[in-house]
Amino acid sequence: MPGLEQMDSWIADGTVDTVVIAFPDMHGRPVGKRVTAPFFMSHAAEHGIEACEYVLAVDVDMNPLPGYRFANWDTGYGDIVCVPDFTTSRRIPWLEGTAMVIADLLDESGAPVEVSPRQILRRQLERAAERGFRVCSATELEFFLFRDSYEEAAAKGWRGLSPHTSTIEDYQLLQTSREEYILRRVRNEMLGADIPVEFSKGEAGRGQHEVNVRYDESLVTADRHLVFKNGIKEIAAQEGRAATFMAKWTMDDVGSSCHVHTSLWDAASGEPLMADASGASGASGASGASGASGLSVVGRRFLAGQLAAARELAWCAAPTVNSYRRYVPGSWAPTAVVWGEDNRTCGFRVVGRAAERRIESRIPGADVNPYLVLAASIAAGLYGVDHELELGEPYPRNAYEADDVPRIPSTLVEAIDELRSSAVALEAFGPEVHHHLLNTAVQEWEASNRHVSDWELARNFERI
């Protein structure tokens with residue numbers, strides 16, 4: 001097994017003394033254990049490690065949540081087995097002597113844990129493969145960088161923080177030069193972790209950045225996203241700085257997005273399927289001519305499905321109360337469920353030529369779980385293919401001002417109602433996964449209602 005052989009080599013020559021066995025939780029964070037090199041080679045490489053199943057049923061503070069069928073106090077919160085997927089083996093250059101491998105989760109009988117995020121995405125890729133498709137994706141993460149450390153930010157109550165620059169630095173090279181001591185590390189050390197970074201750039205906020213990673217098969221992309229996002233936080237912390245991936249850290253600045261790109265490829269031939277016959281030929285006639293959109297028939301249906309299910313699956317793109325602060329007209333975050341030809345005011349943008357033809361969803365924020373948002377994008381697209389949905393005309397103007405079009409849910413409550421009644425989610429994910437996702441969303445909303453915000457105090461303490 002190539003990945004295991006590489007790990008064995010690193011351990012044998014003393015390059016690696018610690019192996020992180022990680023898996024994504026419901027919030028898109030890597031969780032797991034640090035394993036010593038001898039124990040990894042003598043036991044964990046073959047048998048995996050155990051973890052408490054409650055990690056798939058907690059909030060971000062690790063509090064066990066009610067309402068789950070998969071794991072709860074009545075079932076006793078038993079163990080799950082974390083089995084390394086050695087295709088994900090990588091060095092972690094910013095952690096001395098450390099390598100990482102991402103694990104799949106099995107129950108005690110050896111069956112996959114269907115509610116685990118990696119398995120949820122894998123099932124959608126299997127559904128795509130049954131239809132002859134390979135799905136490729138990219139996730140474009142944005143984040144804010146601060147001069148404060150995480151400890152200093154917490155001591156300040158996360159208020160009065162100092163963004164690393166005081167001016168908007170979108171494409172600005174002078175401003176971003178001042179942050180190169182961190183961004184250069186991010187680019188180069190991610191390359192060392194086998195994450196193919198293409199470039200970094202300043203973004204439309206003060207201290208905001210985007211670092212792009214090359215597209216790949218969707219599970220590979222999600223795994224890279226998991227390591228990449230956590231690694232940026234770790235590198236920033238090592239430099240005494242803080243980075244946040246909140247969708248909206250302040251209403252005085254733009255939000256941070258995670259634009260998701262998806263495209264279909266023929267699983268047998270490897271040919272791209274999104275472009276029409278004039279741009280790229282597909283397999284088995286699947287990409288017949290389609291007109292001005294430049295999309296093939298299957299590409300149009302795949303996009304039509306994403307449009308049709310955008311409201312139903314919005315929670316997968318916007319999982320927290322804070323996510324919905326980002327959807328502000330004129331803020332680069334979309335509000336309308338429409339598609340456009342290279343139109344950044346729309347919820348969906350079609351970009352690229354020939355083999356690079358693809359769909360960009362601009363709906364997700366940087367707080368997404370990459371496995372869930374990609375699973376939802378694929379599920380929605382396959383719904384459009386299966387039901388042969390027709391794609392309407394592109395929106396040609398400012399979609400913020402569009403009349404009589406569907407809108408992205410503006411609150412978590414609205415998104416929960418859409419997910420609860422979603423026929424697409426039930427069909428694609430099955431009842432157990434649908435219930436697990438819905439309960440995660442509901443528990444987030446109920447947690448928010450157990451707190452009084454600073455805004456409520458300032459508005460109502462004296463004057464109400």
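The table that follows gives values for the structure above.
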quantity	calculated
Per residue value of the accessible surface for the stretch 338-436 (all protein chains in place, 1.4 Å probe), Å²	41
Ellipsoid semi-axes in whole angstrom, largest first, where each is sqrt(5λ) of the Cα gyration tensor of the stretch 154-247	23, 16, 12
Cross-link partners of Lys201 among aspartates and glutamates (Cα-Cα below 17 Å; sequence separation of 8 or more within a chain)	Glu140, Glu142, Glu169, Asp170, Glu179, Glu180, Glu189, Glu210
Virtual spin-label span in nm between Glu390 and Gln172, 7 Å along Cα→Cβ	4.9
Cα-derived Rg to Rh of the stretch 350-464, Kirkwood definition	1.05
Leading residue at positive end of dipole, the stretch 219-283 (Cβ point charges), from Met251, Gly240, Trp265	Gly240
Accessible-area composition of the stretch 1-153, carbon plus sulfur, in percent [1.4 Å probe]	51
Additional length obtainable on full extension of the chain from Ser109 to Thr36, 0.36 nm per residue less Cα span	23.6 nm
P(r), alpha carbons of the chain - 10 Å bins starting at zero, rounded %	4, 19, 30, 28, 15, 3, 0, 0
All lysines inside 20 Å of Lys156 as judged from Cα atoms, apart from same-chain residues fewer than 8 positions distant	Lys233, Lys248
Total charge dipole magnitude, the chain, about the Cα centre, Cβ charges on Lys, Arg, Asp, Glu only, Debye to nearest 20	980
Protection proxy ranking of 61-69, 218-226, 175-183 - average other beta-carbon atoms within 10 Å, highest first	218-226, 175-183, 61-69
Length-normalised contact order of the stretch 271-422 in % [C-alpha pairs under 8 Å, at least 6 apart]	30
The stretch 50-119: relative contact order as a whole-number percent, Cα under 8 Å and 6+ apart	26
Label point distance in nm, Ser9-Ala355, each placed 7 Å from Cα along Cα→Cβ	2.8
Relative contact order [Cα under 8 Å, 6+ residues apart], the chain, whole percent	15
Zone residues, the stretch 101-136, relative to Glu427, backbone N less than 19 Å from point 7 Å out along Cα-to-Cβ	121, 123-133
Cβ-based net charge around Thr165, under 10 Å, with every Lys or Arg adding one and every Asp or Glu removing one	+1
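The values are calculated or read from the model by the stated rules, or taken from the named source; none is laboratory data. This one's a predicted model, so the numbers in the text were calculated from it and none came from an experiment. Neighbour counts are summed over all protein chains in view; Cβ atoms, including those assigned to glycine, are modelled from backbone coordinates with ideal geometry. For the accessible areas, the whole protein counts, side chains as well, though only heavy atoms, and no ligand, DNA or RNA atoms are used. Shrake-Rupley method; radii C 1.70, N 1.55, O 1.52, S 1.80 Å.
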